[in-house]
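> Sending over a structure as structure tokens; questions will come in a sec.
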């Protein structure tokens, strides 16, 4: 466990990194903390949450931490949470993962708890910016593979995981948006809060775009695959149409019966070959007229 205490002019900030349940029970804090809030703060997969009491406001937010190649199917695999215990003159943050933007905030100056919280919330939200951009670029690349390269190298498995990450991202963002709508700030912070909300809406729309693109790409891939199968079946049908009548003729004259005078014709073999050529030409002309070939 790592505990950092930062004193500002009007308040102090206590940041606790990677604590265990035992650490929090023995942690000497000059703050009155609800035990249920502490349990929520330690639960790794907890979704964003907003709750308040007479003494404090309790907030859980999640920052995006997954790598671009992460194959995630759960919220806990793409993000890590940060718990905020917001008091009038103090702030306590608890988190398991290490975040650079938290360390950078130790060196900055803030006039109020509200200003610090909004700044941290904005940084948490910005952790989603780069992953969303990378996912959008991946969707564009997959689209090019399908429409320009006939989808030969596309991986349905990768497409599934990209869609899953976008779906999880949207889930976290929507819950966070609901939490932001419950924020009550002073007049001087209204503009900052609105900027955060605008950024949140932009990210939600981008995650929606990724989900829509992944669905469209999946349908396009299925359509291209079906088209390839149809082309193969069409080719086999054409070959069958040519060879079935020829096979029939060969089968008839391959029978060893005595009463088959054509077998004894001097030019019977050449006549049958000519008939087979004529049948092939007729089939070819018919296919051309029907625009099958």
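> Could you tell me how many of the residues in region 236-267 are loosely packed, with under 10 Cβ neighbours inside 10 Å and touching a residue at least 12 places away in the same chain (Cβ under 8 Å)?
0
> Select from region 206-221 the residues that are surrounded by 12 or more Cβ atoms within 10 Å (Cβ to Cβ) and without any contact (Cβ under 8 Å) to a residue 24 or more places away in the chain and list them in ascending order.
First, pick out the residues of region 206-221 that are surrounded by 12 or more Cβ atoms within 10 Å (Cβ to Cβ): 206-218, 220-221.
Correct list: 212, 216.
> Look at residue 270 and say whether it is surrounded by 13 or more Cβ atoms within 10 Å (Cβ to Cβ), outside the structural domain of residue 156 (by TED's automatic domain parsing) and at pLDDT 80 or above.
Working: surrounded by 13 or more Cβ atoms within 10 Å (Cβ to Cβ): no; outside the structural domain of residue 156 (by TED's automatic domain parsing): yes; at pLDDT 80 or above: yes.
Criteria not met by residue 270.
> Right, something else. With respect to residue 115, is the statement that it is at pLDDT below 85 and out of contact with any strand residue (DSSP E or B) (no Cβ under 9 Å at 6 or more places or on another chain) true? Steps first, please.
Details: at pLDDT below 85: no; out of contact with any strand residue (DSSP E or B) (no Cβ under 9 Å at 6 or more places or on another chain): yes.
In short, no.
> Within region 49-103, which strands (runs of 3 or more DSSP E) (wholly inside it) include 1 or more residues that are in contact with a strand residue (DSSP E or B) (Cβ under 7 Å, 6 or more places away or on another chain) and closer than 13 Å to residue 176 by Cα?
On the way: elements: 49-52, 57-64, 79-86, 90-95.
Here the list reads 49-52, 57-64, 79-86.
> Please state which one of 186, 193 is within 30 Å of the chain's Cα centre (by Cα) and either closer than 30 Å to residue 63 by Cα or touching a residue at least 24 places away in the same chain (Cβ under 8 Å) (or both).
Working: 186 fails: within 30 Å of the chain's Cα centre (by Cα).
None of the other options fit; the residue is 193.
> Looking at the structure I just gave you, is residue 216 assigned to a helix (DSSP H, G or I) and outside the structural domain of residue 141 (by TED's automatic domain parsing)? Reasoning before the result, please.
Details: assigned to a helix (DSSP H, G or I): yes; outside the structural domain of residue 141 (by TED's automatic domain parsing): no.
So residue 216 fails the test.
> On to the next question. Can you pull out the residues in region 172-191 that are surrounded by 16 or more Cβ atoms within 10 Å (Cβ to Cβ) and assigned to a helix (DSSP H, G or I)?
Correct list: 172, 173, 175, 176, 177, 179, 180, 189.
> I want to confirm something. Restricting to region 120-149 and keeping residues that are farther than 12 Å from residue 64 by Cβ and surrounded by fewer than 13 Cβ atoms within 10 Å (Cβ to Cβ), which single residue is modelled with the highest pLDDT? Lay out the reasoning, then the answer.
Step one: filter region 120-149 for residues farther than 12 Å from residue 64 by Cβ, giving 120-122, 136-149.
Narrowing further to those that are surrounded by fewer than 13 Cβ atoms within 10 Å (Cβ to Cβ): 137, 140-141, 144, 147-149.
Details: 137: 90, 140: 85, 141: 83, 144: 80, 147: 73, 148: 72, 149: 66.
Ranking the candidates gives 137 first.
The values are calculated or read from the model by the stated rules, or taken from the named source; none is laboratory data. Keep in mind that this is a model prediction, so the values were computed, not measured. With ideal geometry, Cβ positions are generated from the backbone for all residues, glycine too; neighbour counts draw on all protein chains shown.
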